[in-house]
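In what follows, a structure is listed as structure tokens, so that the remarks can point back to it.
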Amino acid sequence: MSILKVARMGHPVLRAKARPLEKSEIKNPALQLLIDDMVDTMYEYSGVGLAAPQVHESVRLFVAMLDEDGRGEGEATVFINPEIAPGGDTVVEGWEGCLSIPDVRGRVPRVQQLTVSALDRDGKRFDLVLEGFPARVVQHETDHLDGVLFLDRMTTLASLTYLDEYSRYHARRADADDDDDEGDEEE
């Protein structure tokens, strides 16, 4: 497997709407290799999610870790052509980062619960109901497929901070706040 180059904020691929994958493309060895490389790249950079546009491929595909605590443990889930629907009106702010915007964090409002429908790497449809941090990750990565960065979702830039300052001033408070949907991993 290979570690892929991650597109950084400012690259046009991050602002383009990605094209859906045809079912016939999913079994293609090149796409399967891309999925494996994306998982390896996500792990290499300690991310909890990575969308294909972030590695210069404008297709509707992302990989994500769905562990509740955001530590990036376990198996990565593959999402092809995902569609999300809010599971209620509850919106919470939580800390987010992005591999395409390195060393920056900000508080982003997201729905607390959602349903996601997608194809897996074998082309089989699956549906998940997610809440909390996993729901946040899926929203963040789906945004990448639509050319949206987490900065676009922030209601104010007042919380925007570099990772060093986040770690120094905000991380401990975020970890202690069980009522807030927090995570300090980059997506």
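Couple of notes before you dig in:
- Solvent-accessible area per residue for the chain (1.4 angstrom probe, square angstrom): 49
- Computed [θ] at 222 nm, helices only, for the chain once each DSSP H run of length n ≥ 4 contributes -39500 (n - 2.57): -6500 deg cm²/dmol
- Using the Karplus relation 6.51 cos²θ - 1.76 cosθ + 1.60 with θ = phi - 60°, the per-residue 3J(HN,Hα) values for the range 16-24 come to 9, 7, 6, 7, x, 8, 6, 4, 5 Hz, with x marking Gly and Pro.
- Between Gly97 and Glu187, the built amide H atoms are under 5 Å apart, and every one of these is 5 or more places off in sequence or on another chain.
- Distant-in-sequence amide contacts of Val59, defined by a placed amide H-H separation under 5 Å and a gap of 5 or more residues or a different chain, comprise Arg19.
- For Asp152, net neighbour charge (Lys/Arg +1, Asp/Glu -1) across residues whose Cβ lies under 13 Å away: 0
- Spin-label proximity, Ile3 to the range 42-84 - amide N less than 16 Å from point 7 Å beyond Cα toward beta carbon: 42-48, 55
- Per-residue 3J(HN,Hα) values for the range 167-172, derived from phi via the Karplus relation 6.51 cos²θ - 1.76 cosθ + 1.60 with θ = phi - 60°, read 4, 6, 10, 10, 4, 5 Hz in sequence order (x marks Gly and Pro).
- Karplus 3J(HN,Hα) series, Hz, for the range 108-124 with 6.51 cos²θ - 1.76 cosθ + 1.60 (x for Gly, Pro): 10, x, 9, 5, 6, 9, 7, 10, 10, 10, 7, 9, 8, 5, 9, x, 8
- Charged neighbours of Ala118, selected by a Cβ distance under 13 Å, balance to 0 (K, R count +1; D, E count -1).
- These residues, Val92, Val63, go from largest to smallest accessible area, 1.4 Å probe, as Val92, Val63.
- Applying 0.36 nm per residue to the separation of Asn28 and Asp122 and subtracting their alpha-carbon distance, the gain on full extension is 32.8 nm.
- Computing Rg and the Kirkwood Rh from the Cα coordinates of the range 36-95 gives a ratio, Rg/Rh, of 1.00.
The values are calculated or read from the model by the stated rules, or taken from the named source; none is laboratory data. Given the structure is predicted, the values throughout are model-derived calculations rather than measurements. Here the Cβ is made from the backbone with ideal geometry for all residues, glycine too, and neighbour counts use every protein chain on show. The accessibility values were calculated without ligands, DNA or RNA, using every heavy atom of the protein model including side chains. Shrake-Rupley method; radii C 1.70, N 1.55, O 1.52, S 1.80 Å.
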